[in-house]
Amino acid sequence: MPLLTPQIQDENDYSLVASLDNVRNLSTILKAIHFREHATCFATKNGIKVTVENAKCVQANAFIQAGIFQEFIVQEESVTFRINLTVLLDCLSIFGSSPMPGTLTALRMCYQGYGYPLMLFLEEGGVVTVCKINTQEPEETLDFDFCSTNVINKIILQSEGLREAFSELDMTSEVLQITMSPDKPYFRLSTFGNAGSSHLDYPKDSDLMESFHCNQTQVNRYKISLLKPSTKALVLSCKVSIRTDNRGFLSLQYMIRNEDGQICFVEYYCCPDEEVPESES
Amino acid sequence: MKCLVTGGNVKVLGKAVHSLSRIGDELYLEPLEDGLSLRTVNSSRSAYACFLFAPLFFQQYQAAAPGQEALRCKILMKSFLAVFRSLATVERSVEKCCISLGGRSSRLVVQLHCKYGVRKTHNLSFQDCESLQAVFDPALCSNVLRAPARVLGEAVLPFPPALAEVTLGIGCGRRVILRSYQEEEEAGPSCSCLHRQHRQSHGDRDEHRAGGFPAVAGPGRGGHHFLPQGIPGTPELCGIRKLVSQRLLRCTRPAIFAVSDSLLDGHFVLATLSESDLHSPALCSPELRRLAPPLQAHSTPHLDDFANDDIDSYMIAMETTADSEGSRAVPSISLFPGLRPPCSPGPYSEDNEAEAGTQPGTPPPKKFRSLFFGSILAPAHSPPGPSPVLAEDSEGEG
């Protein structure tokens with residue numbers, strides 16, 4: 001039974017061991033950042049952070065804190081590896097992505113260390129699947145240096161209010177322009193597409209607005225193609241925090257409640273496009 | 001122009017735009033004194049649809065700023081449709097919709113006021129255009145079917161959306177028959193195929209008047225082909241209002257689907273296809289033929305000023321016209337060179353003779369019988385000789 005030998009191995013042989021009663025608590029969060037093939041995983045005793053990047057301009061991080069797992073052991077200070085996220089998600093949903101009500105897929109995830117594959121043991125109804133996914137050399141991830149002390153404007157919205165806006169974004173527009181201001185229009189999303197421009201205004205006293213802290217008018221443009229993938233996280237989330245710093249960098253933090261009512265966070269960082277030209281309002 | 005739509009009427013407007021989008025790629029928006037008109041025509045000019053929203057449909061309606069002329073415009077259907085893309089969302093969250101044209105910005109501004117104070121503003125670019133008008137008169141129709149929209153909607157539902165044509169006819173027992181054909185390739189003409197028939201008994205219809213003809217509609221051949229692409233638009237309207245009346249002109253004329261209500265009027269005018277194929281024995285059931293009155297039996301149609309001696313353009317003439325008041329210097333462009341002045345009647349004889357010569361079993365010619373404009377112009381306008389080849393044919397590899 002060579003397949004089962006890893007289970008018998010001493011847990012001390014692994015630099016990372018994590019067990020989860022409901023694999024969907026992990027797979028759902030990972031889907032929210034699945035816009036590129038590969039991801040880098042960092043595990044510390046606090047949990048796992050999975051990072052996906054694109055075009056050196058956008059970075060998405062999913063945080064799965066240790067408390068989400070029923071068992072979470074990290075032997076080293078930090079464990080880092082790169083993995084094919086598509087394959088990982090395929091394996092995690094090997095018993096189907098929408099299971100029958102009442103049946104849960106349990107997961108045990110083991111990683112022996114640099115050069116070893118990531119081992120997944122998935123069990124549902126007494127059936128066990130073992131997956132070995134080769135890990136890759138970790139790549140250095142971008143440091144956006146987004147520091148909360150440099151944050152100029154911050155808005156927390158109920159995700160419901162942004163969901164439709166993001167799903168209906170005019171994709172013929174190259175950019176999404178975000179205006180945040182202490183005065184009118186307070187919070188505005190604008191696109192400039194083939195058909196003309198469109199603006200979406202949220203008043204600051206709207207019921208959707210959980211908090212509104214804008215100190216200075218900022219108008220920044222972001223590549224719509226880079227921001228569009230964040231819709232995946234938006235759809236899952238209940239609240240979103242939108243922040244911009246003094247350089248115009250954008251941080252979108254999504255609060256996602258999993259099936260067990262626990263809270264996880266997904267974060268997107270995005271660089272602004274070039275200077276806003278004087279044009280349409 | 002400025003108008004304000006509130007409550008459930010926003011969804012009605014959205015639905016109307018959705019059904020127009022099934023027909024054409026461009027939307028003609030024209031504020032008139034008697035309401036806001038939305039019109040479209042498809043690229044081959046074989047289908048036309050229009051809605052007229054009465055001023056009462058709006059909470060506020062102003063066709064033109066005082067002292068100014070009303071503007072009309074043409075916009076991309078896609079961009080206007082995007083405003084109402086999700087009807088469910090429109091229904092759930094939009095409280096009012098304000099459409100304005102001719103302000104400082106040279107844009108058509110559509111503003112949606114949504115729940116939670118959220119406001120969506122779409123500034124759509126538009127083109128100036130002349131008025132799009134199809135000349136048709138439902139009152140001239142010799143045959144009228146009037147039914148709850150649901151009945152007609154359910155009847156066309158089983159037909160595949162990609163189906164190229166559907167025939168609507170009235171069979172014996174005052175039944176309405178909708179049927180489709182298979183292509184000739186698989187089956188020889190002798191057995192070409194009744195694909196599906198919908199029979200609807202008289203009772204399903206509120207009114208079924210086959211004007212002038214006992215039981216059998218049409219001038220004898222009991223068939224009326226048209227492209228079904230427009231029909232899927234009509235079920236969409238079912239949600240809007242109750243009645244669709246379909247008016248069939250003489251066989252060779254377009255089918256007009258109409259919805260009406262005190263607040264809105266909608267017309268879908270679909271060209272019909274040439275129907276010489278009905279001579280094919282397999283396509284024309286014996287009973288239909290038996291019941292068919294002789295061609296000469298039908299009454300002479302009314303000829304009004306747009307009628308002329310050209311059979312192809314007889315049924316409907318669509319043209320871009322200037323305001324009839326002539327207040328503007330917009331030239332009236334008639335796309336039928338031969339349309340005016342009206343010539344002597346007698347539109348049928350020539351064509352019917354031609355058809356009589358058709359051999360039984362001739363495959364359906366799939367030719368529009370009643371283009372709004374187009375085919376009749378083709379010979380005159382086609383470039384003489386082959387067009388110059390700009391690049392040489394590349395030799396086949398190897």
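The values are calculated or read from the model by the stated rules, or taken from the named source; none is laboratory data. Predicted model, so just to flag it, every value in this text is computed and none were measured. Reconstructed Cβ throughout: ideal geometry from the backbone, glycine too, with neighbour counts over all protein chains shown.
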Could you look through segment A:195-206, keep only residues that are touching a strand residue (DSSP E or B) at 6+ places or on another chain (Cβ under 8 Å) and part of a loop (DSSP other than H, G, I, E, B), and pick out the one that is farthest from the other protein chains (Cβ to nearest Cβ)?
A:K204
Note: among A:S27, A:S93, A:S98, just one is hydroxyl-bearing (S, T, Y) and within 27 Å of A:C270 (Cα to Cα), namely A:S27
Just to be sure before I move on: is A:D183 within 14 Å of another protein chain (Cβ to nearest Cβ), closer than 26 Å to B:L112 by Cβ and surrounded by fewer than 20 Cβ atoms within 10 Å (Cβ to Cβ) in the structure I sent?
no
Wholly enclosed strands (runs of 3 or more DSSP E) of segment A:43-134 bearing at least 2 residues farther than 16 Å from A:V23 by Cβ:
A:47-54, A:58-65, A:71-74, A:79-84
Can you confirm whether segment B:153-175 contains a residue that is buried (at least 16 other Cβ atoms within 10 Å of the Cβ), in the same structural domain as B:A255 (by the TED database) and touching a Cys at 6+ places or on another chain (Cβ under 8 Å)?
yes
Do any helices (runs of 4 or more DSSP H) lying entirely in segment B:1-110 carry at least 2 residues that are among the charged types (D, E, K, R), under 24 Å from B:G153 (Cα atoms) and more than 13 Å from every other protein chain (Cβ to nearest Cβ), and which ones are they?
B:8-21
Of everything in segment A:224-250 that's charged (D, E, K, R) and in a helix (DSSP H, G or I), which residue is surrounded by the most Cβ atoms within 10 Å (Cβ to Cβ)?
A:K232
Take the residues in segment B:111-135 that are under 13 Å from B:S100 (Cβ atoms) and within 26 Å of the chain's Cα centre (by Cα), then tell me which one is nearest to the other protein chains (Cβ to nearest Cβ).
B:L124
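Yes or no, residue by residue, for (1) over 29 Å from B:R107 (Cβ atoms); (2) in contact (Cβ under 8 Å) with a residue 24 or more places away in the chain; (3) part of a loop (DSSP other than H, G, I, E, B); (4) not basic (K, R):
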site: A:S173; (1), (2), (3), (4): no, yes, yes, yes
site: A:I178; (1), (2), (3), (4): no, yes, no, yes
site: A:R188; (1), (2), (3), (4): no, no, no, no
site: A:F212; (1), (2), (3), (4): yes, yes, no, yes
site: A:P272; (1), (2), (3), (4): no, yes, yes, yes
Check on A:E210, more than 11 Å from chain B (Cβ to nearest Cβ), acidic (D, E) and more than 15 Å from A:F249 (Cα to Cα):
yes
Those residues of segment B:76-89 which are of a type in the set (A, V, I, L, M) and either over 21 Å from B:D265 (Cα atoms) or not assigned by the TED database to the domain that holds B:C114 (or both) amount to B:L76, B:A82, B:V83, B:A88
Among (1) in contact with a Cys (Cβ under 9 Å, 6 or more places away or on another chain); (2) surrounded by fewer than 19 Cβ atoms within 10 Å (Cβ to Cβ); (3) under 22 Å from A:T141 (Cβ atoms), which single condition is A:I94 missing?
(3)
Are any of the residues in segment A:67-83 surrounded by fewer than 18 Cβ atoms within 10 Å (Cβ to Cβ), touching a Gly at 6+ places or on another chain (Cβ under 6 Å) and either acidic (D, E) or under 20 Å from A:N12 (Cβ atoms) (or both)?
no
The lone condition A:D143 fails out of (1) within 19 Å of A:V266 (Cβ to Cβ); (2) surrounded by 13 or more Cβ atoms within 10 Å (Cβ to Cβ) is (2)
Among residues belonging to segment B:41-73 that are of a type in the set (G, A, S) and under 24 Å from B:S106 (Cα atoms), point out the one that is surrounded by the fewest Cβ atoms within 10 Å (Cβ to Cβ).
B:G67
Single residue of A:E160, A:E168 found to be at pLDDT below 90 and within 13 Å of another protein chain (Cβ to nearest Cβ)
A:E168
In this structure, is B:L76 out of contact with any Phe, Trp or Tyr (no Cβ under 6 Å at 6 or more places or on another chain) and surrounded by 16 or more Cβ atoms within 10 Å (Cβ to Cβ)?
yes
